[in-house]
Amino acid sequence: MAGESETAGKLEELVTTIRGYDDPRRAVGEWKQAYRLLQKTELPPGRVTGVVGMRDVAGLAALIDQLRAPAAAVEAPDAETCRKALQAFRKRLSLTVLDEQSKLGHSPLTKGADSGVPAALVPPKEWPESVWQELVRQGRLRYIGHGFYELPKP
């Protein structure tokens, strides 16, 4: 706990420095330091990568707040909920792949070159974000940014 509050203090200093720039995206060194510090925390790696990759100052401030007040109110979802959510994700992915492979919606003038299997998709809204973050933490899904998840590479 003391380590996370110390990390949060260092991150707040970095946010202050980043906000001092005319364009926060140009604070490359500070963003690298923030990323290294955030990697050592318990925060979801996908979210950390997304915030730092997009140079999102407000998102970084939200991550610091989350470090200061851990998700005591948000309980980790149980195994059955995660299993059902992952099953629904796989079902949606398979339906998306079947839809993409269907020839009904494609032009007959093209050679039929396969546009490829969708790499990622937005998960079903029936489950909260905490379920998807837990599946990422378990390594059963991979967050690639902007609300998209994919199955991990075998």
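When each of LEU67, LEU121, LEU60 is scored by the number of other beta-carbon atoms lying within 10 Å, the sequence from fewest to most is LEU121, LEU67, LEU60. Largest GNM mean-square fluctuation across SER102, SER130, SER94, computed for the chain with C-alpha springs under 10 Å, falls on SER102. By the count of other C-beta atoms within 10 Å, a proxy for reagent exposure, LYS125, LYS10 are ordered fewest to most as LYS125, LYS10.
Computed over every Cα-Cα pair of the chain and binned at 10 Å starting from 0, the pair-distance distribution P(r) comes out as 10, 32, 27, 19, 10, 3, 0 percent.
Taking ARG137, ARG47, ARG36 as the candidate residues, the one with maximal mean-square fluctuation in a Gaussian network model of the chain, Cα springs under 10 Å, is ARG36. Neighbour counts of other Cβ atoms within 10 Å put ASP56, ASP78, ASP23 in the fewest-to-most order ASP23, ASP78, ASP56.
Rule-based calculations on the coordinates, nothing more; no lab input. In this text, all values refer to a predicted model and were calculated from it rather than measured experimentally. Cβ atoms come from the backbone with ideal geometry, glycine included; neighbour counts cover every protein chain shown.
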